[in-house]
Amino acid sequence: MIARRLVIVAVIVSTGIVATGSSLAATTKPLTKAQFIKKANALCDAARTAFVPVGQEFAGLRGSTPTSAQISAFIDAFAGVVQTQITKTAALKPPKRDQSKITKFLHENQTDLDKLKADPQLLGGGQSPFLAADSLARAYGLEGAAGSNPCTQGASGGSGSAPSST
């Protein structure tokens, strides 16, 4: 429980408080596409930093047969960082002409995260559970979706996958 609190504190410190970003976005003009991409990619970088302690905490589970409690703890820590990235990206104000693309990407990203939380084994599979959102993000010009390999390289030794339970 203490380790989980440390992860949450690390996420808050490394990525900032979400509430301030969302209230500012409502009063500012839309970003250009280049500005949006730069800021969203910076959020990906912040997520990579936030995943480092998660990866360190759960590194011992890799190559072992973790319990469901250990997998749940990993998913909780992983999902917290991903949710922060999704929320902060949603707080950005994209160009008006790109709003539907960004909304679709963020919706897909949230759907993928919700599926992962419902079925943690998805993260240990051969394919990223964030593949659909990642494809949309890359098509727009972003590094990747929250939770995808480009944004989780610190989570579990660079593979972007959870400890296997097989």
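The values are calculated or read from the model by the stated rules, or taken from the named source; none is laboratory data. This is a predicted model, so every value here is computed, not measured. Every residue, glycine among them, receives a Cβ derived from its backbone with ideal geometry; neighbour counts consider all protein chains shown. Please note that ligands, DNA and RNA were not included when accessible areas were found on the heavy atoms of the full protein model with its side chains. Shrake-Rupley method; radii C 1.70, N 1.55, O 1.52, S 1.80 Å.
Taking the stretch 106-136, which residues are more than 23 Å from Ala91 (Cα to Cα) and either of a type in the set (Asp, Glu) or touching a strand residue (DSSP E or B) at 6+ places or on another chain (Cβ under 7 Å) (or both)? Selection gives Asp119 alone.
Listed conditions (1) open to solvent by less than 60 Å² (accessible area, probe 1.4 Å); (2) over 16 Å from Asn149 (Cα atoms) are all met by Gln83, apart from (2). The residue pairs whose first member lies in the stretch 123-143 and is farther than 16 Å from Gln153 by Cβ, whose second member is among the β-branched types (Val, Ile, Thr) and in a helix (DSSP H, G or I), and whose beta carbons are closer than 6 Å, counting only pairs six or more residues apart or on different chains, are Gly141/Ile37. Residues in the stretch 34-56: is at least one at pLDDT 90 or above, assigned to a loop (DSSP other than H, G, I, E, B) and open to solvent by 50 Å² or more (accessible area, probe 1.4 Å)? No, every residue in the stretch 34-56 fails to be at pLDDT 90 or above, assigned to a loop (DSSP other than H, G, I, E, B) and open to solvent by 50 Å² or more (accessible area, probe 1.4 Å).
Considering only the stretch 80-101, I want to know if a residue exists there that is aliphatic (A, V, I, L, M), in a loop (DSSP other than H, G, I, E, B), out of contact with any His (no Cβ under 7 Å at 6 or more places or on another chain) and modelled with pLDDT of 90 or more. The answer is yes, given that some residue of the stretch 80-101 is aliphatic (A, V, I, L, M), in a loop (DSSP other than H, G, I, E, B), out of contact with any His (no Cβ under 7 Å at 6 or more places or on another chain) and modelled with pLDDT of 90 or more.
Checked against the criterion of being open to solvent by 20 Å² or more (accessible area, probe 1.4 Å), more than 18 Å from Ala40 (Cα to Cα) and not in a helix (DSSP H, G or I), the candidates Gln121, Gln127 yield just one match: Gln127. Quick check: anything in the stretch 149-165 farther than 22 Å from Ala46 by Cβ, modelled with pLDDT under 90, hydroxyl-bearing (Ser, Thr, Tyr) and in contact with a Gly (Cβ under 9 Å, 6 or more places away or on another chain)? Yes, some residue in the stretch 149-165 is farther than 22 Å from Ala46 by Cβ, modelled with pLDDT under 90, hydroxyl-bearing (Ser, Thr, Tyr) and in contact with a Gly (Cβ under 9 Å, 6 or more places away or on another chain).
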